[in-house]
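First the structure, in the form of structure tokens, and then the observations on it.
The values are calculated or read from the model by the stated rules, or taken from the named source; none is laboratory data. Just so we're clear, the structure is a prediction, and the values are computed from it rather than from any experiment. No Cβ is skipped: glycine too gets one built from the backbone with ideal geometry, and neighbour counts run over all protein chains shown.
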Amino acid sequence: MDGLSARQMTASAIPAESATLLDLHADMSLSARQGLALADVALGSRLWRLAWTLGWLDIKLRYRGSLLGPFWLTMSTGVMVGALGLLYAGLFHTNLHDYLPYLSLSLVLWAFLGAVVSESCATFTEAEAIIRSVRMPFFLFSLRIVIRNVLVLAHNILVIIVVFALLSTWPGWHMVLALPGILLWLLDALALSLLLGSFCARFRDIQPIVNSVMQIAFFMTPVIWKPEQAGGHFVLLQPNPFFDLLQVVRAPLLGQSPGTVTWLAAALYSVGLCAIAWLFFARARGRVAFWL
Amino acid sequence: MAEATSGPSIGIDGVSVSFPLYHGNARSLKKMMFAAASGRLGQDRKQRVVVEALRNISFSLRGGDRLGLIGSNGAGKTTLLRTLAGIYEPVTGHVRVAGSINALLDPGLGMNVDLTGRENIMLRGLYNGMPREAIARLEDDVISFAGLNDFIDLPVRIYSSGMVVRLGFALATAIRPQILLMDEWILAGDAAFLDRARHRLEEMVRGADILVLSTHDQSIVRTWCSRVLWLDQGRIRADGPPDEVLEQYLGHPLEPLPAAAERVAV
């Protein structure tokens with residue numbers, strides 16, 4: 001076989017993954033299901049390198065062959081912030097110097113929130129080919145969604161930096177207070193992708209509903225407008241989970257404190273989301289492959 | 001769980017797998033909410049059409065076993081392989097598989113045509129939980145076997161169909177598991193490639209402790225397998241030595257194997 005045998009000897013030296021044990025019962029108890037869901041999360045976390053590669057390749061593929069690559073994201077966000085800034089500063093009769101940092105931060109953060117929510121719906125459906133050909137922890141695909149969007153956010157942060165630098169705005173050391181908020185976001189994003197990912201695999205008409213909810217939420221949440229501009233009306237718009245969650249990251253970055261009530265509300269929403277996501281995922285995990 | 005260390009094994013006990021058919025828009029939330037609102041949810045659930053892909057399957061395999069799955073299209077062969085691979089979890093019964101598994105179920109497994117050959121190789125390595133050095137070796141092995149040369153850094157989309165087959169095959173056969181689950185696509189290849197491919201495949205088969213193979217090709221079953229399951233509409237119709245089950249399945253005595261075919265099974 002034309003000198004191939006030597007090659008094939010090296011080939012046989014590549015072992016498959018270390019020995020595994022698969023032990024699946026039907027009609028499992030709730031705790032058994034939770035155990036499997038927990039194992040799924042643990043195994044998925046161990047594959048972080050794969051999740052990182054998948055997330056990064058997703059972005060690279062979107063922009064492969066283009067001159068600026070992922071920096072198109074930065075460009076389009078920059079143009080959007082500039083245009084909306086000029087327009088709304090005029091409409092709201094506010095000072096551009098005050099408004100532009102607020103707007104750039106809000107738009108970039110909302111872009112992350114919106115993309116995470118809407119892409120969560122496709123967490124498992126977009127990975128259908130893989131899920132149906134090899135047993136993989138489902139949490140891997142959640143990590144991929146979150147990593148992908150964190151990378152997009154990282155490109156958009158450049159816009160904020162440029163705006164802040166041009167207007168020589170410096171939020172001060174309050175900025176550090178955004179860190180716990182960011183951690184909360186990452187946790188929520190993972191929970192949401194497990195929840196919406198499995199829910200949308202079962203019910204295919206959820207995605208459009210989610211998209212329209214997010215569109216309404218964009219206008220009802222103080223993203224392009226400030227809460228004080230709505231006057232007394234804003235109270236009527238509460239409770240709005242998006243507002244509290246946005247505030248725990250945005251306020252510190254603007255050099256303000258979100259306040260205890262906002263923090264408590266954001267934490268409460270997150271606990272609720274994680275609990276629902278966990279219960280649903282533990283129940284649906286074994287069925288997702290059948291729904292695809 | 002104590003016997004987990006005593007080598008690879010497969011134990012399937014009373015396993016059934018069925019697929020709910022969400023035909024038309026039965027999959028929609030709207031329909032379910034209306035059904036719930038009008039109190040028809042229970043009835044709806046009972047009327048849900050399910051395809052019973054596997055019904056009450058039991059068997060066990062130990063190191064050295066080579067199992068062939070035969071049966072007509074839709075008999076449940078691929079579903080059984082997917083169940084053994086842990087992709088489908090049983091609706092009833094118990095599945096227990098100890099050992100590293102490589103399931104060659106779908107020629108495109110995780111292959112993304114927009115990525116380059118090299119990126120696809122790296123992804124496959126990562127899917128298999130390989131460390132960096134092992135991925136480098138996987139890359140060398142696959143590139144040299146598939147003979148893609150300069151194409152390896154170009155997107156798979158522009159490959160000729162022969163090149164895609166070679167890459168898919170090289171990837172599939174590069175990783176040597178203890179338990180090998182094979183669907184028949186792997187046995188179909190392009191003619192010039194077949195000799196080399198066959199050699200490589202046989203080496204992988206020989207290296208595996210347990211083989212489960214689904215095929216229509218009776219000479220493959222007779223040369224490679226030591227036991228055959230005949231699946232019919234998701235049930236085991238016959239289970240035994242290859243020649244015996246094949247004769248029942250085909251309904252006539254088997255012809256002697258051509259001399260060229262040597263036994264691969266050890």
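Some values worked out for this structure:
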| quantity | calculated |
| --- | --- |
| Yes/no for A:His97 being modelled with pLDDT under 90, more than 18 Å from A:Val146 (Cα to Cα), more than 14 Å from chain B (Cβ to nearest Cβ) and assigned to a loop (DSSP other than H, G, I, E, B) | no |
| Segment A:113-135 - residue that is farther than 27 Å from A:Ser212 by Cβ and touching a residue at least 40 places away in the same chain (Cβ under 8 Å) and, of those, surrounded by the most Cβ atoms within 10 Å (Cβ to Cβ) | A:Ile131 |
| Residue among A:Leu67, A:Leu24, A:Leu30, A:Leu57 that alone is modelled with pLDDT under 90 and either polar (S, T, N, Q) or closer than 23 Å to A:Leu153 by Cα (or both) | A:Leu67 |
| Residue satisfying all of: in segment B:158-170; aliphatic (A, V, I, L, M) and closer than 15 Å to B:Ala197 by Cβ; modelled with the lowest pLDDT among these | B:Val165 |
| Residue among A:Leu50, A:Leu61, A:Leu84 that alone is part of a helix (DSSP H, G or I), in contact with an Asp or Glu (Cβ under 7 Å, 6 or more places away or on another chain) and not charged (D, E, K, R) | A:Leu61 |
| B:Val97 vs. criteria away from chain A (no Cβ under 11 Å), buried (at least 21 other Cβ atoms within 10 Å of the Cβ) and at pLDDT 90 or above | no |
| Residue under evaluation B:Pro155, criteria (1) surrounded by 17 or more Cβ atoms within 10 Å (Cβ to Cβ); (2) more than 30 Å from B:Ser60 (Cβ to Cβ); (3) modelled with pLDDT of 85 or more; (4) more than 9 Å from chain A (Cβ to nearest Cβ), criterion not met | (4) |
| Filter result for A:Leu246 (touching a residue at least 12 places away in the same chain (Cβ under 8 Å), of a type outside the set (D, E, K, R) and under 27 Å from A:Arg132 (Cα atoms)) | no |
| Subset of segment B:105-124 (residues that are within 9 Å of chain A (Cβ to nearest Cβ) and either closer than 27 Å to B:Thr215 by Cα or in contact with a Phe, Trp or Tyr (Cβ under 7 Å, 6 or more places away or on another chain) (or both)) | B:Leu105, B:Asp106, B:Gly108, B:Leu109, B:Gly110, B:Met111, B:Asn112 |
| Segment A:170-208, residues that are surrounded by 18 or more Cβ atoms within 10 Å (Cβ to Cβ) and more than 30 Å from A:Glu128 (Cβ to Cβ) | A:Pro171, A:Leu177, A:Ala178, A:Gly181, A:Leu184 |
| Subset of segment A:64-74 (residues that are closer than 21 Å to A:Leu109 by Cβ and not in a helix (DSSP H, G or I)) | A:Pro70 |
| Test: residue in segment B:121-139 that is under 26 Å from A:Ala26 (Cβ atoms), crowded, with 18+ Cβ neighbours inside 10 Å and of a type outside the set (Lys, Arg) | no |
| Helices (runs of 4 or more DSSP H) enclosed by segment A:221-292 - at least 2 residues per element that are within 14 Å of another protein chain (Cβ to nearest Cβ) | A:260-284, A:288-291 |
| Residue satisfying condition, being within 21 Å of the chain's Cα centre (by Cα) and either of a type in the set (A, V, I, L, M, F, W, C) or surrounded by fewer than 21 Cβ atoms within 10 Å (Cβ to Cβ) (or both), within set A:Leu86, A:Leu96, A:Leu103 | A:Leu103 |
